[in-house]
Amino acid sequence: MTQPYGAIGYMPMPSSFPHRALFLAGRPRHQCFDDFWRKHPPMDLIHRAKIFSPFDALAGFDERIAEKEVLYTGKASLSDYEKEKLNQTVNDVHMLTFNSRMSRENRVFVEITYFVPCTDRNHDAYGYGGRYESISGMVLRVGIEHILLRTNEGEKTIPFADIRNIERK
């Protein structure tokens, strides 16, 4: 169905329409190789297709879905033997790094496996679950309740309650 000449969409064009002359002139047609064509050549089909390619309308949606696929576990309790072994390793590291001078001289490198609780409020494991991660670095200080490591990313404080294993390198 063709529209009447003086109509915009389905309603008649008001006489006070500010762009009436431009609308009635119609779509511009350019001759090949005129000034406009030289400044604005037609787009090739490959680049034109990129304009209409799908885009991420819901920014961050894919990342949120991927977060749901992370498997969380409960925090494991250590046996008496594992606790004793962990205490012995922490004491050995503490004796080598009891002050900053000793820490710099001895340069004790360790790999620590520790529990990281789930921080995603929308995940089912929030509040009770988490996962175990490993981190390597140089021990700077062994405190009363934590170990301070220097890693490639910076300094990391790990509480003793979350540590599952410590291995010296």
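The values are calculated or read from the model by the stated rules, or taken from the named source; none is laboratory data. Computed from a predicted structure; not experimentally measured. All Cβ positions, even for glycine, are placed from backbone atoms using ideal geometry, and neighbour counts span all protein chains on display. Accessible surface areas use protein heavy atoms only, side chains included; no ligands, DNA or RNA. Shrake-Rupley method; radii C 1.70, N 1.55, O 1.52, S 1.80 Å.
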Worksheet entry | Surrounding net charge for residue 101, when Lys and Arg each add one and Asp and Glu each subtract one, Cβ distance under 14 Å | +2
Worksheet item: Share of the range 48-108's accessible area from carbon and sulfur, percent, 1.4 Å?
Response: 56
Fill in: Cleavage-rule hits, chymotrypsin sites (Phe, Trp or Tyr not before Pro), the range 79-145, DSSP coil, Cβ neighbours within 10 Å at most 16
98, 126, 128
Fill in: Column: log10 I(q)/I(0), Debye, Cα scatterers of the range 99-157, q = 0.29 Å⁻¹
-1.16
Practice prompt. Return one whole number: the accessible area per residue of the range 65-169 in Å², for a 1.4 Å probe.
Written response: 68
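Can you tell me how the chain classifies by the Cα gyration tensor, rounded, prolate or oblate, using a/c under 1.5 as the rounded cut?
Note, shape of the chain comes out prolate.
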Practice prompt. Taking a cut-off of 28 Å between Cα atoms, list the lysines near residue 169, but don't count ones fewer than 8 places away on the same chain.
Written response: 75, 83, 85, 156
